[in-house]
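Asker: Handing you this structure, nothing more for now.
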Amino acid sequence: MQNLESLHEAVLKLKIYYQQLLENNEAAITKIQFENRLIEVQINHADALLLGYQVIPAEALQLVVQSEQPKASTKPATSKRINKSKKKKGGGPPIREKYQGMSVLGAATEVIKNRVGEVVSMQDIFAEIFSQHHSNRTQADLKNLLSRELSRGVKEGRFSRTNISGHYTCELSKIEKTPA
């Protein structure tokens with residue numbers, strides 16, 4: 001009987017030990033998840049700065065030292081909610097050195113015109129124009145920007161869409177008509 005009680009007591013202590021380990025692990029996991037969310041916000045903020053946009057994250061740590069204080073607005077505050085929209089700030093998107101000083105539409109037009117008579121995919125244009133970024137969000141933002149600019153280029157008659165979605169081409173006749 002005594003062996004059975006000793007075994008029961010040992011199993012009870014083991015159960016309590018494992019419950020404490022589980023609680024400690026769950027607390028550590030919660031802490032790491034919170035830290036990861038903050039890190040993701042900072043990565044998105046860094047990507048936005050690389051793109052030339054300023055993002056006002058809702059719960060980000062202020063890790064970037066600002067050289068000057070923002071000017072106070074003379075407009076009355078209509079809402080205390082933080083505006084999450086992107087505001088244009090300076091340099092623009094990270095265009096490769098070959099296309100520096102050009103707009104995204106101008107660079108895309110250049111890529112398409114350099115391949116006269118060929119069908120060029122949006123992916124090829126994207127890879128040619130933009131420098132590499134590691135964030136999926138940044139790439140998605142750049143692809144959306146490029147898509148809008150390609151649509152505008154088609155409307156302006158700079159080049160045309162093909163029957164294949166996301167593919168563009170330029171005929172030699174359009175280049176000959178374009179003034180140098």
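Asker: Can you pull out the residues in the stretch 159-172 that are touching a residue at least 24 places away in the same chain (Cβ under 8 Å), over 9 Å from LYS113 (Cα atoms) and outside any strand (DSSP E or B)? Before the answer, list the steps.
Answerer: Of the residues in the stretch 159-172, the ones touching a residue at least 24 places away in the same chain (Cβ under 8 Å) are 159, 162, 164, 166-172.
Retained after the next criterion (residues that are over 9 Å from LYS113 (Cα atoms)): 162, 164, 166-168.
Residues satisfying the conditions are THR162, ILE164, GLY166.
Asker: Okay, moving on. Among the residues of the stretch 101-118, count how many are under 22 Å from the mean Cα position of the chain (by Cα), touching a residue at least 12 places away in the same chain (Cβ under 8 Å) and surrounded by 15 or more Cβ atoms within 10 Å (Cβ to Cβ).
Answerer: The total comes to 4.
Asker: Same structure again: Restricting attention to the stretch 147-156, does a residue exist that is at pLDDT 90 or above, closer than 24 Å to LEU51 by Cβ, among the basic types (Lys, Arg) and in contact with a Ser or Thr (Cβ under 6 Å, 6 or more places away or on another chain)?
Answerer: no
Asker: On to the next question. It is to be established whether one or more residues within the stretch 107-120 are more than 19 Å from LEU49 (Cα to Cα), touching a His at 6+ places or on another chain (Cβ under 9 Å) and modelled with pLDDT of 75 or more.
Answerer: Keep residues of the stretch 107-120 that are more than 19 Å from LEU49 (Cα to Cα), which gives 107-120.
Filter once more, keeping what is touching a His at 6+ places or on another chain (Cβ under 9 Å): 119-120.
Filter again for modelled with pLDDT of 75 or more, leaving 119-120.
For the stretch 107-120, residues more than 19 Å from LEU49 (Cα to Cα), touching a His at 6+ places or on another chain (Cβ under 9 Å) and modelled with pLDDT of 75 or more: present.
The values are calculated or read from the model by the stated rules, or taken from the named source; none is laboratory data. Just so it is clear, the structure is predicted and the values come from calculations on it, not from any experiment. Neighbour counts are summed over all protein chains in view; Cβ atoms, including those assigned to glycine, are modelled from backbone coordinates with ideal geometry.
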